[in-house]
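The values are calculated or read from the model by the stated rules, or taken from the named source; none is laboratory data. No experiment lies behind these values; they were computed from the predicted model shown. Reconstructed Cβ throughout: ideal geometry from the backbone, glycine too, with neighbour counts over all protein chains shown. SASA here: full protein model, heavy atoms, side chains in, ligands and nucleic acids out. Shrake-Rupley method; radii C 1.70, N 1.55, O 1.52, S 1.80 Å.
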Amino acid sequence: LVEFTMKKLATEPWEEDGVASEVTVWEMTNDAMPFPSTQIFNADLKLISNMMKAPFGDITQVLMKDRRAVMVVLKGAEELPELLESLTVPVDKPIPGWKTARKASFKLIPRTGEVPDLPSAGFQRVGAIADDGTRVVDLDLDTPSIASADDQADPDYLGTSVLIDPTDAAILELAKSSLEEAGDDPAGKAEALREAVFSWITRKDYGTVFASASETVRNRAGDCSEHGVLLAALLRSEGIPARVASGAVYVPAGVISDEPVFGWHMWTQAIIDGHWVDLDATLPVSYTVGHLLADTSSLADDTGVSDQWNLLSMLGNLKVDVLSVDGEALKSP
């Protein structure tokens, strides 16, 4: 259940298709999303406008009669929004050997305020907030974090939800075929499943909007979120507790920008031998130091959106300095 709170702000004149009327303006908050919305309703209580103040800017929705009206608005804009590149995280220098390095250290620099209280989980360790609002984050791919007793006992990490259903027949079949030569070692099974997802999703693009694992195993398409949920479902089907992880991943120059950046990303974490281990099914390798973890979520049906607060609050508000790679300090450019 989500609790919504509405506060009436004003009654204002409104004109639509040459017809004058009055509308009411409300502030809406809910306990699943930390951003307030300003909503406008007509006399019939139909929602005609909604504006949410997200950390990276305003998101405005306006009721229109058909798609042609939307296109008129977009064509009338001085510049169309380009969210993929504009919301990436600038990095001060390339990460040398990022595919093979085992350790790295980064300084996270907020453009305003402070860097959120990020998790020390998986291969990531987060330092305290410095006086200037920055944080140092260390990655060590040889030292996964210990999964707490509560995490190991949490039924959500083996559970079923709309997005992750480990009991789906197609999920079970893919897991079975992927593990024919994997043996009984949990780490080996987890890596075999990660490789299976990397190969199984053959159409890798942004044409799918956060499909469930059950959809993804059938249509074999998706971006990082589909890779993350499908791997989590496969792991759970084999009794390996799993959750999704969201944050940013290193993207070398020339891929989505002329300069190296961190792009927003999702992957998977699994409890293996009592530790949280990061697994990225979008990559040909298991994981790299070029990851910054912002949030984790079981994607149980009563969570999900609220678990993404750190990620949403960092969009458009973060810069990264690369301090060292494999223990070697790097000079500022």
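From its DSSP helices (H runs of at least four residues, each -39,500 (n - 2.57)), the chain gives a residue-normalised ellipticity at 222 nm of -6000 deg cm²/dmol. For the range 240-333, carbon and sulfur atoms together expose 53% of the accessible surface, with a 1.4 angstrom probe and every protein chain in place. Of the three principal axes defined by the Cα atoms of the chain, the extents in descending order read 71, 53, 38 Å. Just to confirm a number: summing +1 for Lys and Arg and -1 for Asp and Glu over residues other than Val217 whose beta-carbon lies under 11 angstrom from that of Val217, what do you get? Residues near Val217 contribute -3 overall. Electrostatic bookkeeping for Leu283 treats Lys and Arg as +1 and Asp and Glu as -1; over the other residues with beta carbon under 15 Å from its beta carbon, the sum is -3.
Give, as a single signed number, the net charge of other residues whose beta carbon lies under 12 Å from the beta carbon of Ala10, with Lys and Arg counted +1 and Asp and Glu -1.
Here the charged neighbours net out to -1.
Using the alpha carbons alone, the radius of gyration of the range 215-260 stands to its Kirkwood radius in an Rg to Rh ratio of 1.13.
Just how much of Met51 is accessible, in Å², when a 1.4 Å probe is used and the result is rounded to the nearest 10? Looks like 40 Å² after rounding.
Applying 0.36 nm per residue to the separation of Asp184 and Ser199 and subtracting their alpha-carbon distance, the gain on full extension is 3.2 nm.
Just to compare against my own numbers: the Cα pair-distance distribution for the range 159-305, 5 Å bins, whole % per bin, please. Bin by bin from 0 Å, the calculated values are 2, 11, 21, 24, 22, 12, 6, 3, 1.
If I model the range 98-158 as equal point scatterers sitting on the Cα atoms and use the Debye formula, what is log10 I(q)/I(0) at q = 0.14, 0.15, 0.28 Å⁻¹? Per q value, in the given order, log10 I(q)/I(0) is -0.53, -0.60, -1.09. Excluding ligands, DNA and RNA, the accessible surface per residue across the range 216-269 is 25 Å² with a 1.4 Å probe.
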